[in-house]
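**Q** Below you'll find the structure I mean.
The values are calculated or read from the model by the stated rules, or taken from the named source; none is laboratory data. Small disclaimer: the values here were computed from a predicted structure and weren't measured. Here the Cβ is made from the backbone with ideal geometry for all residues, glycine too, and neighbour counts use every protein chain on show. With ligands, DNA and RNA removed, areas are computed over all heavy atoms of the protein, side chains included. Shrake-Rupley method; radii C 1.70, N 1.55, O 1.52, S 1.80 Å.
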Amino acid sequence: MSATRFTYLGPEGTFTEAALRTLPEAATRELVPMVSVPAALDAVRNGEAAAALVPIENSVEGGVTATLDELASGEPLMIYREVLLPIAFALLVRPGTKLSEIKTVTGHPVAQPQVRNWLRKHLPEAVWESAASNADGARLVQEGRFDAAFAGEFAAATYGLEALVTEIHDAENAETRFVLVGRPARPAAPTGADKTSVVLWLGDDHPGALLELLQEFAVRGVNLMLIQSRPTGAGIGNYCFAVDAEGHISDRRVGEALMGLKRICPQVRFLGSYPRAGVAVEDVLPLRRGTSDQAFTAASDWLARAQDGRA
């Protein structure tokens, strides 16, 4: 395995590359752009890279399905950390292009919902066609295949383009969450401000099936931060669920919730426990009564005494 190489969703100039470069360890690694999320993750699976940074969630559009599906299938991988990056787009064009001359635009599919209103107002006749990434859209503009691309302003210099309009976004404070993914290993020690990600499969379709999964978290006071259904490919109505929960697998409430889910789900895929980006320990909400590790230990001790006739 190449311990000196990180892959990311390319080409050069993507928001993913910008997010990766915020990590201190990126300064000492070879950063290799890949053509797609599956390609970036497969490089980790086959040992060509130590880790890959890929987008997993957007505050406007929700989960990035390509990443969720890749993590749910194939050889298991594990999330080691996350990065939050504020997102604002620039309209990149070939030098000298005027707004009135733009008839075709491109960008990543996740970008379109974030600029839809701007497009409707300023370029109502322009035809949109999706690209593999925002930076790839910039490359296509450079090649003359489109008139303009929505991408990060920082991508303009890489592709010899200019930013005709900057700070484009329909939603204020839009963010994309990226995850650094590697091969499975022991999770890092808990920080007190952690997140645990899993994928859950339903055993069979019956009334309350999803509720049963959610109750495993609820009764133990585990807050959910994301839950998204994804088709399994086994037919209409067959779904798995990507879940992000507050806490670390070593926390008793989280560990027992996962054990409960393992009892009722035909498959549970653990994707990792890792520090929450941008959240300090003092910002974490207090635990509900009876859900701390101490409370679980006290209950276990009580049960042992009861079994011994000493309760």
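**Q** What number goes with the only condition from (1) open to solvent by 80 Å² or more (accessible area, probe 1.4 Å); (2) under 17 Å from I168 (Cβ atoms) that V127 does not pass?
**A** Checking V127 against (1) open to solvent by 80 Å² or more (accessible area, probe 1.4 Å); (2) under 17 Å from I168 (Cβ atoms), the one that fails is (2).
**Q** Just one of A3, A52, A66, A40 is of a type in the set (A, V, I, L, M), surrounded by fewer than 16 Cβ atoms within 10 Å (Cβ to Cβ) and either under 25 Å from S229 (Cβ atoms) or at pLDDT below 95 (or both); which is it?
**A** After ruling out the rest, the residue left standing is A3.
**Q** Under 6 Å between Cβ atoms, at least 6 apart or on separate chains: pull out the pairs that start in the range 182-202 with a residue that is in contact (Cβ under 8 Å) with a residue 12 or more places away in the chain and open to solvent by 10 Å² or more (accessible area, probe 1.4 Å) and end on any residue that is aliphatic (A, V, I, L, M) and assigned to a strand (DSSP E or B).
**A** Qualifying pairs under 6 Å: P184/M78.
**Q** Taking the criterion of being closer than 30 Å to Q114 by Cα, open to solvent by 70 Å² or more (accessible area, probe 1.4 Å) and modelled with pLDDT of 95 or more, would at least one residue in the range 208-223 satisfy it?
**A** Yes, there is a match, as at least one residue in the range 208-223 is closer than 30 Å to Q114 by Cα, open to solvent by 70 Å² or more (accessible area, probe 1.4 Å) and modelled with pLDDT of 95 or more.
**Q** Can you tell me which residue is farthest from L226 (Cα to Cα) among those in the range 159-185 that are at pLDDT 95 or above and assigned to a loop (DSSP other than H, G, I, E, B)?
**A** G160
**Q** Between G74, G13, G63, G47, which is more than 10 Å from F178 (Cβ to Cβ), within 17 Å of the chain's Cα centre (by Cα) and not basic (K, R)?
**A** G63
**Q** Here is a follow-up. When the range 145-158 is examined, which residues are found to be without any contact (Cβ under 8 Å) to a residue 60 or more places away in the chain and either touching a helix residue (DSSP H, G or I) at 6+ places or on another chain (Cβ under 8 Å) or not in a loop (DSSP other than H, G, I, E, B) (or both)?
**A** Scanning the range 145-158 gives F146, D147, A148, A149.
**Q** Restricting to the range 89-107, give me the number of residues that are surrounded by 16 or more Cβ atoms within 10 Å (Cβ to Cβ) and either without any contact (Cβ under 8 Å) to a residue 40 or more places away in the chain or of a type in the set (G, A, S) (or both).
**A** Qualifying residue count for the region: 2.
**Q** Now for a separate question. Closer than 17 Å to L224 by Cβ, at pLDDT 95 or above, touching a Phe, Trp or Tyr at 6+ places or on another chain (Cβ under 6 Å) and open to solvent by less than 60 Å² (accessible area, probe 1.4 Å) - does that describe any residue in the range 258-273?
**A** No, there is no match, as no residue in the range 258-273 is closer than 17 Å to L224 by Cβ, at pLDDT 95 or above, touching a Phe, Trp or Tyr at 6+ places or on another chain (Cβ under 6 Å) and open to solvent by less than 60 Å² (accessible area, probe 1.4 Å).
**Q** Another question, then. Which residue pairs have Cβ atoms under 7 Å apart, sit 6 or more places apart or on different chains, and have a first residue in the range 26-37 that is farther than 16 Å from P55 by Cα and a second that is basic (K, R) and buried (at least 16 other Cβ atoms within 10 Å of the Cβ)?
**A** Between residues of the range 26-37 that are farther than 16 Å from P55 by Cα and residues that are basic (K, R) and buried (at least 16 other Cβ atoms within 10 Å of the Cβ), the close pairs are R29/R5; E30/R5.
**Q** With the requirement that a residue be hydrophobic (A, V, I, L, M, F, W, C) and touching a helix residue (DSSP H, G or I) at 6+ places or on another chain (Cβ under 7 Å), what does the range 281-304 give you?
**A** F296
**Q** Do we have R253 as open to solvent by less than 50 Å² (accessible area, probe 1.4 Å) and under 24 Å from the mean Cα position of the chain (by Cα) here?
**A** Spelling it out, R253 is indeed open to solvent by less than 50 Å² (accessible area, probe 1.4 Å) and under 24 Å from the mean Cα position of the chain (by Cα).
**Q** While we're looking at this one, here's another question. Quick check: anything in the range 278-290 over 23 Å from A209 (Cβ atoms), crowded, with 16+ Cβ neighbours inside 10 Å, more than 22 Å from the chain's Cα centre (by Cα) and not hydroxyl-bearing (S, T, Y)?
**A** Yes, because at least one residue in the range 278-290 is over 23 Å from A209 (Cβ atoms), crowded, with 16+ Cβ neighbours inside 10 Å, more than 22 Å from the chain's Cα centre (by Cα) and not hydroxyl-bearing (S, T, Y).
One line per residue, one yes/no per condition, for (1) under 22 Å from V279 (Cβ atoms); (2) of a type outside the set (A, V, I, L, M, F, W, C); (3) out of contact with any Pro (no Cβ under 9 Å at 6 or more places or on another chain):
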site	(1), (2), (3)
F217	yes, no, yes
R220	yes, yes, yes
R230	no, yes, yes
A245	yes, no, yes
S250	yes, yes, no
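**Q** While we're looking at this one, here's another question. Among the residues of the range 193-206, which ones are farther than 24 Å from V37 by Cβ and modelled with pLDDT under 95?
**A** Across the range 193-206, the qualifying residues are L202, G203, D204, D205, H206.
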